[in-house]
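One structure is given here, and the rest of the page talks about it.
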Amino acid sequence: MSDKQIFTLQDAQNLTGPAAFSTMLKPAGSACNLDCTYCYYLDKAVQYGGREALMRENLLEEYIRQYIQANEADTVSFCWHGGEPTLPGIDYYRKAVAFQQKYADGRRIENSLQTNGTLIDRKWCDFFAQNGFLVGVSLDGPKDIHDTFRRDKGGRPTFDRVIEAVRLMKRCGVEFNTLSVVNKRSEGRGAEIYRFFRDVVGSRYMQFLPAVEHVVRREGLRRPLIVSPETPGAHEAPWSVSSAGYGRFLCDIFDLWVRSDVGRTYVQLFDSTLAQWCGLPPGLCTVAETCGDALVVEHNGDVYPCDHFVYPDYLLGNLAETPLRELYDRPRRLQFGLAKRNALPAECLGCRYFFACHGECPKHRFAVAPDGSRKNVLCEGLKLFFTHAAPYMDYMKERLLNGQPPAWVMDFASSPRE
């Protein structure tokens, strides 16, 4: 990639190859049986008029047809999200799988579904296992951490129900991974949380996503509304993880992983960091140089360039009116993705870890850089992590270049050094 300051729309168009983009479908919109304190998506019900959402069957079929036909790849991956995507019921997904088979035209179809786990029973597990679904389970850590913010509509804790769902999925042979929100309660407990997922839950693929939000109180709303930091009256949400706390959290997990679990347990950010170290695509939009390749499709067919930017100002269009491929090709989507790099302060472009971070996710850019532009509020923590991990990343990169397993880093990490 060029080191020039601005990456233009023409640059992006010149680099465009076969279309191979992903979508995150919200079949039930923001509808959910939980009321998680930090959930930024529950507020979308207000944006869509507060109505109970469900993608109609004919629109579901049209989405599946368009998405498969728009992708010029041998494998087309569907990601079912929410809200809580199991609310439509198993029969809804049986129809979805039938539509996928109808339009596959020889291509491989993959399905993943992100769930809070509280509605998963044996019938769901049988369906997931029979149809090869990868299930992402939202679980923040041990009971006291998870139940602080992840409660149902009646205010009841959910940890025990989620753990039971995980046990059931394991018994039924359902492939699963875990997604955890790193919040204020997580600070200082990285090693404990990692051991919990590895030894108690049995997760072999972990994602840790930082929660940093701003909120305001609005009359008539029971919960604080998550808003842009520029919103009058907005203040940082009390559950937000601090930058240094997030960095130490990652370092504590990394120290356990790099000494005993490389090649056996996969932590998304660690895998992406190693890929960046080796000059390869990171496979994670938050640390890619540009973004906008993971479209969000709402229950009514509205399409947005990112899950964190489902606001009217970012609407690309509706697939019932404009083909999905045309929405993907629109300059507006490309410009959204390019802004991830072009809006960065000079401080970021000159940083030694720019190649590994690329300013991280634009949704976290509400700190102010010396030149007055916006920078990522997690910068301090990310630098702490990259500096800590650098010797081990260098070692693994060297092993890979020599055709050797990167898992050798475990001996390197465990050896005493001056």
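No lab work stands behind these numbers, since they all come straight from the coordinates. What you are looking at is a predicted structure, and each value in this text was computed from that prediction instead of being measured. Cβ sites come from the backbone with ideal geometry, for glycine too, and all protein chains shown count toward neighbours.
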Quiz prompt | Percentage of interatomic Cα-Cα distances in region 53-205 larger than 24 Å | solution = 39 percent
Quiz item: Where both partners of a DSSP beta bridge lie in the chain, what percent of those bridges are antiparallel, to the nearest 5?
Solution: 30 percent
Quiz prompt | Partner lysines for residue 170 [C-alpha distance under 18 Å; skip if fewer than 8 residues away on the same chain] | solution = 123
Practice problem: Kindly provide the Kirkwood hydrodynamic radius of region 142-194 in Å, to one decimal, from all pairs of distinct alpha carbon atoms. | Solution: 12.5 Å
Quiz prompt | 5 angstrom amide H check on residue 151, placed H, neighbours 5+ away | solution = 35, 36, 37
Quiz item: So how strong a dipole does region 261-418 carry about its Cα centre when Lys and Arg Cβ are +1 and Asp and Glu Cβ are -1, to the nearest 20 debye?
Solution: 260 debye
Practice problem: Please report, largest first and rounded to whole Å, the three semi-axes of the ellipsoid equivalent to region 173-253, where each semi-axis is the square root of five times an eigenvalue of the C-alpha gyration tensor. | Solution: 30, 16, 9
Quiz item: Where the convex hull is taken over the Cα atoms of region 352-410, what is its projected area averaged over directions, in nm²?
Solution: 4.9 nm²
Exercise. Using only the alpha carbons, work out the radius of gyration and Dmax of region 210-284 in angstrom.
Key: 17.8, 51
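With charges only on Cβ, +1 for K and R and -1 for D and E, what is the dipole size of region 117-258 about its Cα centre, in debye, rounded to 20?
Computed charge dipole of region 117-258: roughly 440 debye.
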Quiz item: How large is the Kirkwood hydrodynamic radius of region 258-372, in angstrom, based on all distinct alpha carbon pairs?
Solution: 15.9 Å
Quiz item: At each listed q (0.22 Å⁻¹), what is the log10 of I(q)/I(0) that the Debye formula gives for region 119-168 modelled as equal alpha-carbon point scatterers?
Solution: -0.82
Self-check item: Amide H contacts of residue 205 (H built 1.01 Å from N, under 5 Å, at least 5 apart or other chain)
Solution: 178, 266
Exercise. Along each of the three principal axes of the Cα atoms of the chain, give the extent in whole Å, ordering the values from largest to smallest.
Key: 64, 53, 51
Practice problem: Excluding residue 20 itself, calculate the net charge of residues whose Cβ lies under 12 Å from the Cβ of residue 20, where each Lys or Arg counts +1 and each Asp or Glu counts -1. | Solution: -1
Exercise. Could you pull out every one of the lysines with an alpha carbon less than 16 Å from that of residue 143, ignoring same-chain neighbours closer than 8 positions?
Key: 184
Quiz prompt | Proximal charge balance of residue 202 [Cβ under 10 Å; K/R count +1, D/E count -1] | solution = +3
